[in-house]
Each structure stands twice: as C-alpha cells, then as structure tokens.
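Heads up: the structure comes next, in structure tokens.
The values are calculated or read from the model by the stated rules, or taken from the named source; none is laboratory data. All values derive from a computational prediction rather than experimental measurement. Note that each Cβ is placed from the backbone with ideal geometry, even for glycine, and that neighbours are counted across all protein chains shown.
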Amino acid sequence: MSTIVIDASAILAAILGEAGGDAVFDLLDEAIVDTVNVAEVYTYAVLNELPTEAIDAFFADTGIAVVSFDPVQAVTAGQLASITRKAGLSLGDRSCLALAKLRHAGVLSANRLWQRVAGTTGLTITLLR
C-alpha cells in the first residue's frame, strides 16, 4: 500500500462536502497529513467562523494519520521555497510537499495553484477537481 499526503484544502473539501471531497474518504487507509496542515484546517474554520466540531469529528472518526512537522521536514520545506513561492503556495503547502518528498509519496490537493509546481517537484500531485 502506498502513502498519499493530503493537504488542508483536500481535507476541507471533504469536511465541507465540496466537489471531489469524497476522494479523501476513499484514500483514508493510505493517507497522512502533517500538523501544519491540521493547523491550516482549523485556521480556515476560525477565520470563516465555522464550528470546529466538524473538524474535530473528521480527525476522530477517520483516524487519518497525523505526522508531526519535524526538523528534517522543516529543512525540506524551506528548500522548496524558490519553487513554491513563484506559484503562490504557502508554508502549509510546502510542508505537505516536503512530507511527500521525504516519504516518497503522492499528494492530494484541491488547490489548483499546485499545477504550477507539479513538473518541478518530482512528485505526483493529484487535484480533486
């Protein structure tokens, strides 16, 4: 079984019932997310005045593996800055890409900006929509 790293936008699509969000539920057995992206999911909810109970339930009910953002991932994320900055990607996006790079995994995102870096990262990036 291969691993796929899921970013905050994909998790939000699943929680909010947006187009493509079902794909997240289909991949939960092989999915991981890092703590930076977990923070991004909660940040989105707070800034958009959404109840965080749905997010709590998603993480509790799905059992998705949450990986801590460690020093090696931090360095790798920093090294991706020159590629991702030009595309308008965030630290959370870089942390997701870094985790995928370190785990030799694919990435699932709902963020179309990721198309701009797909060819330069060496990673398989799948967009929900």
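Matching residues to (1) assigned to a loop (DSSP other than H, G, I, E, B); (2) within 14 Å of Asp7 (Cα to Cα); (3) not aliphatic (A, V, I, L, M):
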| position | (1), (2), (3) |
| --- | --- |
| Ile83 | no, no, no |
| Arg94 | no, yes, yes |
| Leu99 | no, yes, no |
| Leu102 | no, no, no |
| Leu108 | no, yes, no |
| Trp114 | no, yes, yes |
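Name the pairs: first residue in segment 72-96 and touching a residue at least 60 places away in the same chain (Cβ under 8 Å), second residue acidic (Asp, Glu), Cβ to Cβ under 8 Å, at least 6 apart or on different chains?
Gly92/Asp7; Gly92/Glu40; Asp93/Asp7; Ser95/Asp34; Cys96/Asp7; Cys96/Asp34
Give all pairs with beta carbons closer than 7 Å in which a residue from segment 7-22 that is farther than 11 Å from Phe58 by Cβ meets a residue that is buried (at least 17 other Cβ atoms within 10 Å of the Cβ) and polar (S, T, N, Q); count only pairs at least 6 apart in sequence or on separate chains.
From residues that are farther than 11 Å from Phe58 by Cβ, the pairs are Asp7/Asn37; Asp7/Ser109; Asp7/Asn111; Ala8/Asn37; Ser9/Ser109; Ser9/Asn111; Ala10/Ser109.
Consider Lys101 against the criteria (1) surrounded by fewer than 19 Cβ atoms within 10 Å (Cβ to Cβ); (2) free of Cβ contacts under 8 Å to residues at least 40 places away in the same chain; (3) farther than 19 Å from Gly20 by Cα: it satisfies all of them except one. Which criterion is unmet?
(1)
Pairs please, first residue from segment 118-129 and within 13 Å of Leu89 (Cβ to Cβ), second anywhere and modelled with pLDDT under 90, Cβ atoms under 7 Å, 6+ apart in sequence or on different chains.
Within 7 Å, the pairs are Thr120/Ile83; Thr121/Ile83; Ile125/Trp114; Ile125/Ala118.
Assess whether Ala39 counts as being farther than 20 Å from Thr3 by Cβ, among the small types (Gly, Ala, Ser), surrounded by fewer than 17 Cβ atoms within 10 Å (Cβ to Cβ) and touching a Leu at 6+ places or on another chain (Cβ under 6 Å). So that I can check it myself, show each step before the final result.
Working: farther than 20 Å from Thr3 by Cβ: yes; among the small types (Gly, Ala, Ser): yes; surrounded by fewer than 17 Cβ atoms within 10 Å (Cβ to Cβ): yes; touching a Leu at 6+ places or on another chain (Cβ under 6 Å): no.
For Ala39, the condition - farther than 20 Å from Thr3 by Cβ, among the small types (Gly, Ala, Ser), surrounded by fewer than 17 Cβ atoms within 10 Å (Cβ to Cβ) and touching a Leu at 6+ places or on another chain (Cβ under 6 Å) - is not met.
Among what's in segment 91-117 and is more than 14 Å from Gly78 (Cβ to Cβ) and of a type in the set (S, T, N, Q), pick the residue that is modelled with the highest pLDDT.
If we take residues in segment 91-117 being more than 14 Å from Gly78 (Cβ to Cβ) and of a type in the set (S, T, N, Q), then Ser109 is modelled with the highest pLDDT.
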